[in-house]
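Okay, structure first, notes after.
Just so it is clear, none of the values below were taken in a lab; they were calculated from the coordinates. Being a predicted model, the structure only gives us computed values, none of them experimental. Backbone-built Cβ (ideal geometry, glycine too); neighbour counts: all protein chains shown.
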Amino acid sequence: MGLRFASLGSGSKGNGTLVASGDQCLLVDCGFTIKQTERRMLRLGMSPADLTAILVTHEHSDHLSGVAPLARKYGLPIYLTPGTLRARDIGKLPQVHLIEGHQPFVVADIQVTPVAVPHDAREAAQYVFRSRGSSLGLLTDLGTVTPHVESHFAGCDALVLEANHDPQMLAQGPYPPSLKRRVGGAYGHLSNQQAAGFLQRVGYEQLQHLVVAHISEKNNSLELARSALAEMLESVENCIFACQQDGFDWLTVEARGY
Ligand SMILES: [Zn+2]
Ligand SMILES: [Zn+2]
């Protein structure tokens, strides 16, 4: 069996993704309180005590707020970039591993490749995971898809991809003008159309799972995201939409046998 993954919740009110291989399990980001994290993990048949480590993508509170408290309570190592570590004072941590540049590293038996993304954070990294002949890309919280991003995320067997907003709903929505500019800008979040364009360019026929994630509750609707991604929904084996409350249940990436 290849990689397995699941989500504790996805969106601007909190994120957390589990990536597992064999009996090892990583938590990528934690934007929930300890209580919430325990409850959400229990729903997926896990406890934070089962985790091998926590990886952090960037310092925004929907990704970072729960990381340090959870790491302290359960004595978990944390992997993050120097920029993310310096961006906030998150207090004493049991064990910190700084990610060097864009160097792949190995945690348990999972190979992790950090990929720099344009986002309004100090040193944001998204990740590609490889284990036992299968690969999974997590790609949220970026305002632009760069050639660098495309080259790293092309060919993944499974993908969690941000489709944050519909530009028209964002423009007409409740956010103040400065926040609208931030979200829709080059260092903000991907729109439905940007997500679709990315998939068209890198290809999606090989995907076993496409999880549409970090969907804005205020500036997007499932209907609009579905229609922008209609082509992909038709041809990808399994296509689902992650939600803020429930995230999504465990999915397994089958090894391709290379
Ligand atoms: Zn976020
Ligand atoms: Zn962010």
Computed over the stretch 4-250, the relative contact order (Cα-Cα under 8 Å, seq sep at least six) in percent reads 19
Once Lys and Arg are counted +1 and Asp and Glu -1 for all other residues with Cβ under 15 Å from that of I240, the total becomes -3
Counting only DSSP loop positions in the stretch 90-183, the GluC sites (Glu not before Pro) whose Cβ has at most 15 other Cβ atoms within 10 Å are E100
If each K or R counts +1 and each D or E counts -1, the residues other than G66 whose Cβ falls under 15 Å of its Cβ total +3
Scoring the stretch 115-227 by relative contact order with C-alpha pairs under 8 Å, at least six apart, yields a percentage of 32
The chain: antiparallel bridges as % of DSSP beta bridges, rounded to 5, reads 55
Across the chain, qualifying lysine pairs (alpha carbons under 15 Å, at least 8 places apart or different chains) come out at 4
Under the Karplus relation with 6.51, -1.76 and 1.60 and θ = phi - 60°, whole-Hz ³J(HN,Hα) for the stretch 15-25, x at Gly and Pro, equal 9, x, 10, 9, 10, 10, 9, x, 9, 9, 9
Ordering 109-119, 164-174, 221-231 by per-residue average of other C-beta atoms within 10 angstrom, highest first, gives 109-119, 164-174, 221-231
Dividing the helical contributions, -39500 (n - 2.57) per DSSP H run of n ≥ 4, by the residues of the chain yields a 222 nm value, nearest 500 deg cm²/dmol, of -7000 deg cm²/dmol
Charge tally for neighbours of L170 with beta carbon under 9 Å away, counting Lys, Arg as +1 and Asp, Glu as -1, is +1
Expressed to one decimal in nm², the mean projection of the alpha carbon convex hull of the chain is 12.5
